[in-house]
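Asker: One structure follows; several queries about it will come next.
The values are calculated or read from the model by the stated rules, or taken from the named source; none is laboratory data. Keep in mind that what you see is a predicted model, and the values were worked out from it rather than measured. Cβ coordinates were reconstructed from backbone atoms using ideal geometry, including for glycine residues, and neighbour counts include every protein chain displayed.
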Amino acid sequence: MKKLFATVFMAVSVSISLFAQDANQTYSKAVTSFDDTFTGASNVVWSFGEDFTKATFFQDNHRVEVFYNAAGDFVATTTQIKLEDAPAYVKKAVEKKYSNYSVNEAFVFKADDQTKYFISLEDERENIVLAGNNGAVIVYSRTLHLTPEK
């Protein structure tokens, strides 16, 4: 029984050690890539998920999030913006169809060669997220506010 426990303990210890090494290598690769791309960024906060690493910081008073995959390779950035900083076609869509909504958040998403704009809006009935890309704006998601029955 002691040999079995010792064998299982060793196997678990090796697995945890290998996982920690992989996580450290991923983090190290992501940090190196980040430092090469975002020179001068300060007060960077790192967070980790099962399949990603994320760096969050402020640049020119805008929150920026940089995502890396499980291998530590760059995936995408999101940058918080104001609605007035979005392209004209996005602003026009909001003004035309959603003028009675409040803007919760707006950000630009950049990955590879694509750039998308996301605008989170809310009124008393619902929250919606619009996505703008290549001159078109669509409803990306919609969540209705549920009112409790009396």
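Asker: Hey, any hits in the range 69-76 for a residue that's at negative phi, modelled with pLDDT of 90 or more and over 18 Å from the mean Cα position of the chain (by Cα)?
Answerer: Within the range 69-76, none of the residues are at negative phi, modelled with pLDDT of 90 or more and over 18 Å from the mean Cα position of the chain (by Cα).
Asker: Of all residues in the range 106-124, count the ones that are small (Gly, Ala, Ser) and surrounded by fewer than 16 Cβ atoms within 10 Å (Cβ to Cβ).
Answerer: Adding up the residues that qualify gives 1.
Asker: Only residues that are at pLDDT 90 or above, among the β-branched types (Val, Ile, Thr) and buried (at least 17 other Cβ atoms within 10 Å of the Cβ): list them for the range 26-63, please.
Answerer: Correct list: Thr53 only.
Asker: From Val66, Val94, Val103, which residue is under 19 Å from Ser33 (Cβ atoms) and either crowded, with 17+ Cβ neighbours inside 10 Å or modelled with pLDDT of 95 or more (or both)?
Answerer: When all the criteria are applied, what remains is Val66.
Asker: With (1) over 30 Å from Tyr27 (Cα atoms); (2) exposed (fewer than 15 other Cβ atoms within 10 Å of the Cβ); (3) at pLDDT 95 or above as the list, and Gly132 as the residue in question, which single condition is left unmet?
Answerer: Gly132 satisfies every listed condition except (2).
Asker: Identify all residues within the range 105-150 that are of a type in the set (Asp, Glu) and under 19 Å from the mean Cα position of the chain (by Cα); write none if there are none.
Answerer: Once the filter is applied, which keeps residues that are of a type in the set (Asp, Glu) and under 19 Å from the mean Cα position of the chain (by Cα), the range 105-150 yields Glu105, Asp112, Asp113.
Asker: Going by the conditions given, is Leu144 of a type in the set (A, V, I, L, M, F, W, C) and modelled with pLDDT under 95?
Answerer: yes
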